[in-house]
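Okay, so here's the structure we're looking at.
The values are calculated or read from the model by the stated rules, or taken from the named source; none is laboratory data. Just so it is clear, the model here is predicted, and its values are computed rather than measured. Note that we place each Cβ from the backbone using ideal geometry, even for glycine, and neighbour counts take in every protein chain shown. Surface areas here come from the heavy atoms of the whole protein model, side chains and all, with no ligands, DNA or RNA. Shrake-Rupley method; radii C 1.70, N 1.55, O 1.52, S 1.80 Å.
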Amino acid sequence: MAESLYIASLEANSGKLVLTLGVMEMLSRRIDRLGFFRPISPVPAEKDRHIQLLTDRFQLGLQPAQMVGVTHEQARAWIAAGEERRLFREIVSRFKEAEAACDFLLCEGPDITHLSDGFDYDISIRIARELGTPALYVSSGYNCSMDELLENIRVAEKAFRQQHCPLLAILVNRVDPRILDKAEQHLREECGADIAVDLLPEVEGLENPTMEEIIEALHGEWFSGPKEGLQRETKGFKVAAMGPANFLGYLEKDDLIITPGDRTDIILTTLAAIASKNYPTPVGILLSGGLIPAPSVVQLLEGLDELAIPIYRVATDTFRTAMNAVAVTGKLRPDNPKKIARVLGLFETHVDIPTLEEKIRLTPSSTVSPLMFEYSLFQRARQDKKHIVLPEGEDDRILQAAELLQLRDVVDLTLLGREDKLRSRAAALGLNLDGVGFIDPQTSELRDEFARTFFALRRHKGITFENAYDTMSDVSYFGTMMVHADMVDGMVSGAAHTTAHTIRPAFQFIRTPADVLIVSSVFFMCFETRVLVYGDCAVNPNPNSEQLAEIAISSAKTARMFGIDPVVAMLSYSSGTSGTGTDVEQVREAVEIARRREPELNIDGPIQYDAAIDATVAKKKMPESKVAGRATVFIFPDLNTGNNTYKAVQRSSGAVAIGPVLQGLNKPVNDLSRGCLVPDIINTVAITAIQAQKIDQAGT
């Protein structure tokens, strides 16, 4: 079952809160710890009307501050500053914190009509994609013809498809009752069985404001009558500018009377209408112009307890008061149980609740965006903080990453280099590195100890102690020796050094477990809606069949370590039994070796890339395969193919490539690209920490 559901809308006047309330009522019958979340709220959390309504009705366990990602004001500022990624990162982080405190989290997307022009039309759907949650779309049928209604849905469906966001249901609200049945039939035929479709009619009076809502909107001041119980809905407005006799002819039930404050005759006539059985009862009187009746009239009103009617006054003139009052729209509020009951009755009458529940139950939250993957890395790294060494302290990107890692409390860090020099450079960059450790390999007391260890490990290779001592001045060797000596849990390097320079020390004295044949690597390829694993794209130039099998097994373990279900495709230039040749046979043999070693591993090959990733192609080329069209782990036949492919995919698709992540070592050491960005460093450090956690768990 999905652990969350996202309610989205791209149109004004959709009545989205009506559907939110109905869905929450439906979920509350089966789920104990329900939560509610708004990625972008128009106001601070404690003033958010939607949060107030749902918290009051369902007694949600979350505090208001936990139910909001950012405010409209914050979102607009970040978008204007070109920091959209920061906006999404904050929303994802806040969403995951709320989700962790609930059994199910209902997320209500922002109303795009209330945001500035700086926001894209489909930002609500893009937020759903980043959160990785199935969506329910709410469309407005208000004043729409059949064709307009259908076109709105087509536009929305296209937007969901383009953003690769799973859409499980469409609810069209406020539909003209005269076209409801026919429109529902057309929509269900067009959308098919994969998407649940229900239409709700426009209900007269649902938007009627209460007396209290009008008073609040117009900043009215109490003058006479009751101050409580102002929940009667106002169905009409009467501006009383004519004489009492004519005024009575226009009076209707549940009217709000608007009249200048010095019109004593209208006030008394209204009270008389209340006492009479021959005239309808208004909801109240609004005195305009800042005027009040004479003291004698005030005294008279004070003695009419049984005929009491709420009377409030405002400073604006009669015309402006009437215009302001007419503009007030009724809202769903916790203190209006009648309107809430009407809304729930509307939802339960017109929505196929069993079908919607089944859609939610059968639709898991499977989409993984780069930001969601990044968030999961940080959360896992924090659970058991590890100590990571970064040898390239003199690189500005390393210093910037170190500050962010400290601020996010992801790992403990040690930088290699002269402390005074590194701190001076950090200060020049405006960075705060408090809490970060520093060691200078040139002057450290550890250098001699490390040299002796290295000499003992490599003397059979002809290395002298002097050679070992000189070698330990190299930051890559010194950092790797810190890992070997259990002073730190892992190392990340390569921003300023070659891959060979970074990983050679690890090959020499960290080495591999007895059951691992070779060290290999993977890249996590973070696309908009999923994360795939590519291996080996950085270490082994021409692996043989046994080595390819080892790479596949190691890559599957790495994928599983980071929450990716390994479905392994062994790539080649042909699929299945269609091709022959040495290269194809080598891949075919690798598949057989991997299956013998790991019988439970879901692996297939040889298979071409398009057949591995595209379900349509898979049906044609390998229809019987359980891997074709579903692969999550892609094993390339050689380094040339893998390295070029990952870079081509990265550049052409905009995917975020995290890696290379080394696998097969006794302790984690990971390489960076010399063109890496600060986020790449941060993500690789988090991955290294998680690898260290797994190694510790395996050893206990």
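For Phe478, the conditions (1) surrounded by 24 or more Cβ atoms within 10 Å (Cβ to Cβ); (2) within 40 Å of the chain's Cα centre (by Cα) all hold with the exception of (2).
For Pro599, the criteria (1) free of Cβ contacts under 8 Å to residues at least 24 places away in the same chain; (2) open to solvent by less than 70 Å² (accessible area, probe 1.4 Å); (3) in a loop (DSSP other than H, G, I, E, B) hold in every case but one, which is (2).
Of the residues Thr502, Thr512, which is open to solvent by 40 Å² or more (accessible area, probe 1.4 Å) and in contact (Cβ under 8 Å) with a residue 24 or more places away in the chain?
It is Thr512.
Only helices (runs of 4 or more DSSP H) whose full extent lies in the stretch 1-94 are considered here, and the ones with at least 1 residues that are without any contact (Cβ under 8 Å) to a residue 60 or more places away in the chain and within 18 Å of the chain's Cα centre (by Cα) are 72-80. A single entry from Thr259, Thr264 fulfils the requirement of being of a type in the set (Ser, Thr, Tyr) and farther than 28 Å from Asn336 by Cα: Thr264. Within the stretch 651-692, the residues that satisfy the criterion of being surrounded by 19 or more Cβ atoms within 10 Å (Cβ to Cβ), more than 26 Å from the chain's Cα centre (by Cα) and not in a strand (DSSP E or B) are Gly664, Leu665, Lys667, Pro668, Leu672, Ala692.
Determine, yes or no, whether Pro541 is modelled with pLDDT of 90 or more, surrounded by fewer than 23 Cβ atoms within 10 Å (Cβ to Cβ) and within 38 Å of the chain's Cα centre (by Cα). Criteria not met by Pro541.
With a cut-off of at least 3 residues that are modelled with pLDDT under 85, among the hydrophobic types (A, V, I, L, M, F, W, C) and in contact with a Leu (Cβ under 9 Å, 6 or more places away or on another chain), name the helices (runs of 4 or more DSSP H) lying wholly within the stretch 295-393. Those helices (runs of 4 or more DSSP H) span 295-302. Against the list (1) out of contact with any Lys or Arg (no Cβ under 7 Å at 6 or more places or on another chain); (2) of a type outside the set (Lys, Arg); (3) open to solvent by less than 20 Å² (accessible area, probe 1.4 Å); (4) modelled with pLDDT of 90 or more, the condition Ala65 fails is (3). The residues of the stretch 515-538 that are buried (at least 22 other Cβ atoms within 10 Å of the Cβ) and farther than 19 Å from Ala657 by Cβ amount to a single one, Val519. Answer yes if at least one residue in the stretch 407-429 is surrounded by 20 or more Cβ atoms within 10 Å (Cβ to Cβ) and modelled with pLDDT under 90, and no otherwise. Scanning the stretch 407-429, I find at least one residue that is surrounded by 20 or more Cβ atoms within 10 Å (Cβ to Cβ) and modelled with pLDDT under 90, so the answer is yes. For the stretch 518-530, does any single residue satisfy the condition of being within 30 Å of Cys165 (Cα to Cα), among the β-branched types (Val, Ile, Thr) and in contact with a helix residue (DSSP H, G or I) (Cβ under 9 Å, 6 or more places away or on another chain)? Yes, because at least one residue in the stretch 518-530 is within 30 Å of Cys165 (Cα to Cα), among the β-branched types (Val, Ile, Thr) and in contact with a helix residue (DSSP H, G or I) (Cβ under 9 Å, 6 or more places away or on another chain). Taking the stretch 663-700 as the range and being touching a strand residue (DSSP E or B) at 6+ places or on another chain (Cβ under 8 Å) and among the basic types (Lys, Arg) as the test, only Lys667 passes. Looking only at residues of the stretch 456-475 that are touching an Asp or Glu at 6+ places or on another chain (Cβ under 9 Å) and closer than 27 Å to Ile695 by Cα, we find that the one that is most open to solvent (accessible area, probe 1.4 Å) is Val475.
The number of residues in the stretch 626-644 that are open to solvent by 20 Å² or more (accessible area, probe 1.4 Å), in a loop (DSSP other than H, G, I, E, B) and touching a strand residue (DSSP E or B) at 6+ places or on another chain (Cβ under 8 Å) comes to 4. Within the stretch 194-222, being in a loop (DSSP other than H, G, I, E, B), closer than 27 Å to Pro354 by Cβ and open to solvent by less than 90 Å² (accessible area, probe 1.4 Å) holds for Ile195, Glu202, Val203, Leu206.
So which residues in the stretch 269-313 are open to solvent by 30 Å² or more (accessible area, probe 1.4 Å) and closer than 15 Å to Pro244 by Cβ?
Initial filter on the stretch 269-313 (open to solvent by 30 Å² or more (accessible area, probe 1.4 Å)): 272, 274-281, 289-292, 294-296, 298-300, 302-308, 313.
Of everything in the stretch 269-313, those that are open to solvent by 30 Å² or more (accessible area, probe 1.4 Å) and closer than 15 Å to Pro244 by Cβ turn out to be Ala272, Ile274, Ala275, Ser276, Asn278, Tyr279.
Count of the stretch 415-432 residues, restricted to those that are of a type in the set (A, V, I, L, M) and within 15 Å of Glu392 (Cα to Cα), is 4.
Yes/no per residue for (1) open to solvent by 10 Å² or more (accessible area, probe 1.4 Å); (2) in contact with a Pro (Cβ under 6 Å, 6 or more places away or on another chain); (3) not polar (S, T, N, Q):
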residue: Leu17; (1), (2), (3): yes, no, yes
residue: Glu25; (1), (2), (3): yes, no, yes
residue: Arg30; (1), (2), (3): yes, no, yes
residue: Leu34; (1), (2), (3): yes, no, yes
residue: Phe37; (1), (2), (3): no, no, yes
residue: Ile40; (1), (2), (3): no, yes, yes
residue: Glu46; (1), (2), (3): yes, yes, yes
residue: Leu54; (1), (2), (3): no, no, yes
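From the residues in the stretch 68-105 that are in contact with a Lys or Arg (Cβ under 7 Å, 6 or more places away or on another chain) and not charged (D, E, K, R), which one is nearest to Met372 (Cα to Cα)? Applying the filter and picking the extreme gives Gly69.
Here Leu256 clears all of (1) closer than 27 Å to Phe347 by Cβ; (2) assigned to a strand (DSSP E or B) except the condition numbered (1). Listed conditions (1) part of a strand (DSSP E or B); (2) open to solvent by less than 10 Å² (accessible area, probe 1.4 Å); (3) not charged (D, E, K, R) are all met by Gly605, apart from (2). Residues of the stretch 176-230 that are within 30 Å of Thr318 (Cα to Cα) and of a type in the set (Lys, Arg): Lys227 alone. All conditions but one from (1) open to solvent by 20 Å² or more (accessible area, probe 1.4 Å); (2) small (Gly, Ala, Ser); (3) closer than 21 Å to Val18 by Cβ apply to Gly82; the one that does not is (3).
Just to verify a result, which residue in the stretch 555-591, among those that are over 39 Å from the mean Cα position of the chain (by Cα) and among the charged types (D, E, K, R), is least open to solvent (accessible area, probe 1.4 Å)? The extreme case among them is Arg588.
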